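Inspection log for the structure reproduced underneath, given as structure tokens.
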Amino acid sequence: TSILLWFRRDLRLADQAAVLAAASSGAPVIPVYVLDDETPRHRKLGAASRWWLDGSLRALSKALEARGSRLILRRGASPQVLAELAAEVGARTIHALHHYEPWWRNAEKALVKEGLNLHLHHGNFLLPPGTVKTGGGTNFRIYTPFWRASQQLLPPPLPSAAPDRLAVPAAWPDSDRLSDWCLLPTKPDWAAGFRAEWTPGEAGALARLDAFTPHRASAYNDRRNYPSEEGTSRLSPHLALGEISPAQVWHAVEGCGAGVEQFRAELGWRDYGQNIIAEFPDYGARPAKPAFDAFPWREDAQDLAAWQQGRTGYPIVDAGMRQLWQTGWIHNRVRMIVASFLIKHLLLDWRVGEQWFWDTLVDADYAQNVVNWQWSAGSGVDANQFARIMAPLTQSPKFDAGDYIRRYVPELSALGEEEIHDPTPIMRRRCNYPMPIVGHVEARQRALAAYATIKAG
Ligand code: FAD
């Protein structure tokens, strides 16, 4: 009898343990992807992620066809859709990789209730979440000791190759047509900058990795904080959709010199985030520090729109928000700056920023996003403090953001090094660039005063 191979955010054939298990079972394999906007508490994919998903599913379909197989597309609540498909083809077994978002765990429970044999395999993270423990057997809260302990259990196993063929069923079940899912923008077509920057799919992921090794990887430590340069791997959307495994990335940078350790430590942040949401499934909904429930957040649609559209009058913040809008991605240093700005300079709830990122990032990932936003807010389980307020006007020259600003805020592109980070009022008028929507010193005082109310309470 046939078996189902259920793809989620693991859209690859190489180093994919569920693919391998299904292929080596010898049974006819029915690969399936379900577009699920319906499972309880399921976060619908954002618009940028849908754009990416379209390309990624096309690539996966082709790769399966090259192996004599197919990708079946269905839409609806995953447990029901899979149970129906299983009944249709007479399958009892499903192979899939582990995922830790709360809605996937709900879906898995529901599938087991349906009486299906769900085989879950590891491989989306360096180490399975829940396996790295303190000496006392508890989970880590803080990244640094978590990563120290993780390293004792690493490296991950060597990656496995994609199987040459998958056994096919006598007849294929029906599949939706991908174009009917309308994952791509129509009017307006906002994705031109996305197409210029990205190639979704496994081959695109390997090409990014190739471009990163060995030189960029070896310079990573020195260059990763400079947004004007391509100092980081830009693998995040590929990793988020699972088009490449962290083990593949880990082993590919072996021997690339000085930057490797720091780069692998960033992959460690990815594992850390998964551990947090595996333990605290509602991390995206609620601050981990309960005092933050009473935080006096402002509500200000105008300030929010200025942040979203890159019109705050802080060039580094605006460059970041426009890079996000144009390409679906922001440099990590600038993510930290724009998040701090929203939360502390504008005093808007981190959840509002998290939602905007969720909708606009091509690498939008529940764990990475909510853990980083709570980290920025100082409301998380980690050690970061609200009172750590980033100063955008200091960060910008410190990390040489001039060319980055010139690229994404073209009205300032004629300005020299002296003016680009904080143009004078006259320059702003001439360039038709707004005045700062809030002053740094005044914003800082307001933020600390707001924080004092919950610290006292
Ligand atoms: P590299 O520097 O080349 O790092 C390699 C990989 O390590 C990345 O692809 C990523 O998978 C992982 N990584 C690096 N930094 C982090 C980090 N701080 N936390 C977790 N994983 C990390 N990353 C996402 O993938 N999805 C998100 O939704 C997301 N939201 C974020 C929100 C905020 C407010 C902040 C401050 C950061 C967020 N990040 C998110 C983390 C980080 O900014 C991106 O992973 C990184 O910029 C991706 O670029 P890269 O692939 O070139 O990274």
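What follows draws every value from the coordinates through simple rules; no lab data is involved. All values reported here derive from a predicted model rather than from experimental measurement. Positions of Cβ are backbone-derived with ideal geometry, glycine not excepted, and every protein chain shown enters the neighbour counts.
Listed values, structure above:
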quantity: Separation of the A285 and S175 label points, Cα + 7 Å toward Cβ, nm; calculated: 3.5 nm
quantity: Intensity falloff of the range 1-76 expressed as log10 I(q)/I(0), Debye formula with alpha-carbon point scatterers, at q = 0.21 Å⁻¹; calculated: -0.99
quantity: Residues whose placed amide H lies under 5 Å from that of F140, excluding near-sequence neighbours; calculated: T134
quantity: The chain: Lys pairs at Cα distance under 20 angstrom, eight or more positions apart or on different chains; calculated: 4
quantity: Intensity falloff of the range 80-160 expressed as log10 I(q)/I(0), Debye formula with alpha-carbon point scatterers, at q = 0.14, 0.18, 0.23, 0.24 Å⁻¹; calculated: -0.64, -0.85, -1.07, -1.12
quantity: Whether the range 1-130 is rounded, prolate or oblate, judged on the alpha carbon gyration tensor where a/c under 1.5 counts as rounded; calculated: rounded
quantity: Local electrostatic count, V381, Cβ distance below 11 Å [Lys/Arg +1, Asp/Glu -1]; calculated: 0
quantity: Quotient of C-alpha Rg and 2.2 N^0.38 Å, computed over the chain; calculated: 1.02
quantity: Radius 12 Å from Cβ of F140, net charge of other residues (Lys, Arg +1; Asp, Glu -1); calculated: 0
quantity: Nearest-0.05 FRET efficiency for A211 and Q385, computed from C-beta distance (R0 45 Å); calculated: 0.75
quantity: Value of relative contact order over the range 290-456, rounded to a whole percent, pairs C-alpha under 8 Å and six or more apart; calculated: 29 percent
quantity: DSSP bridge orientation in the chain - percent antiparallel, rounded to nearest 5; calculated: 5 percent
quantity: Residue-wise HN-Hα coupling along the range 74-89, computed from phi with Karplus coefficients 6.51, -1.76, 1.60 (Hz; x: Gly, Pro); calculated: 9, 10, x, 6, 3, x, 5, 4, 6, 5, 5, 4, 4, 5, 4, 9
quantity: Relative contact order of the range 3-121, pairs being alpha-carbon contacts under 8 Å that are 6 or more residues apart, as %; calculated: 35 percent
